[in-house]
1. In the range 21-52, which residues are in contact (Cβ under 8 Å) with a residue 40 or more places away in the chain and within 18 Å of residue 65 (Cβ to Cβ)?
2. Among residues belonging to the range 62-76 that are within 21 Å of residue 16 (Cα to Cα) and either touching a strand residue (DSSP E or B) at 6+ places or on another chain (Cβ under 8 Å) or of a type in the set (Gly, Ala, Ser) (or both), point out the one that is surrounded by the fewest Cβ atoms within 10 Å (Cβ to Cβ).
3. Hey, any hits in the range 63-77 for a residue that's within 18 Å of residue 92 (Cα to Cα), outside any strand (DSSP E or B) and out of contact with any Leu (no Cβ under 7 Å at 6 or more places or on another chain)?
4. All but one of (1) assigned to a helix (DSSP H, G or I); (2) out of contact with any Gly (no Cβ under 6 Å at 6 or more places or on another chain) hold for residue 21; state the number of the condition that does not hold.
5. Quick check, is residue 11 without any contact (Cβ under 8 Å) to a residue 40 or more places away in the chain, surrounded by fewer than 16 Cβ atoms within 10 Å (Cβ to Cβ), of a type in the set (Val, Ile, Thr) and assigned to a helix (DSSP H, G or I)?
6. Which of the residues spanning the range 79-92 are over 17 Å from residue 14 (Cα atoms) and buried (at least 18 other Cβ atoms within 10 Å of the Cβ)?
7. Working only within the range 55-92, note down all residues that are modelled with pLDDT of 90 or more and among the hydroxyl-bearing types (Ser, Thr, Tyr).
8. How about the range 27-53: which of its residues are of a type in the set (A, V, I, L, M), surrounded by 11 or more Cβ atoms within 10 Å (Cβ to Cβ) and assigned to a helix (DSSP H, G or I)?
Amino acid sequence: MNFVFQPEAETEFNQAIDYYEAISPALGYDFAQEIHQTIQRITLFPNAWPVVKGQIRRSLVKRFPYGILYTEYQGQLLIIAVMNLHRKPDYWLNRIKLD
């Protein structure tokens, strides 16, 4: 199954990479790898993770305090948020205007 990032999710993913890269040069790469591995698990087993609201599911990322919020939309996975778990929990709700 293919996946696509909502623009806001892609922005927060890139900002998190930059943040971790500023801490340690290899850490940003490690973070990106963990995110991509999590997305690969989601594409293989899209219904394996718990629903958090409506049809939105969350898969936790290993090693980093992040979760991937996603839904199936028009035959592909739509990544709604690359969510820092220490952030306000419902900040992403305005992103789910699916047609």
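1. 35, 39
2. First pass over the range 62-76, keeping only residues within 21 Å of residue 16 (Cα to Cα): 62-70.
Next cut, either touching a strand residue (DSSP E or B) at 6+ places or on another chain (Cβ under 8 Å) or of a type in the set (Gly, Ala, Ser) (or both) only: 65-70.
Numbers: 65: 11, 66: 23, 67: 20, 68: 25, 69: 23, 70: 29.
So the residue we want is 65.
3. No - not one qualifying residue is present in the range 63-77.
4. It is condition (2) that residue 21 fails.
5. Details: without any contact (Cβ under 8 Å) to a residue 40 or more places away in the chain: yes; surrounded by fewer than 16 Cβ atoms within 10 Å (Cβ to Cβ): yes; of a type in the set (Val, Ile, Thr): yes; assigned to a helix (DSSP H, G or I): yes.
Yes.
6. In the first step, residues of the range 79-92 are kept if they are over 17 Å from residue 14 (Cα atoms); the result is 86, 88-91.
Across the range 79-92, there are no qualifying residues.
7. 59, 66, 70, 71
8. Here is the first cut: in the range 27-53, the ones of a type in the set (A, V, I, L, M) are 27, 32, 35, 39, 42, 44, 48, 51-52.
Next cut, surrounded by 11 or more Cβ atoms within 10 Å (Cβ to Cβ) only: 27, 32, 35, 39, 42, 51-52.
Passing the criteria: 27, 32, 35, 39, 42.
The values are calculated or read from the model by the stated rules, or taken from the named source; none is laboratory data. Fair warning: this is a prediction, and the values are worked out from it, not measured in the lab. Note: ideal-geometry Cβ built from the backbone for every residue, glycine included; neighbour counts use all protein chains shown.
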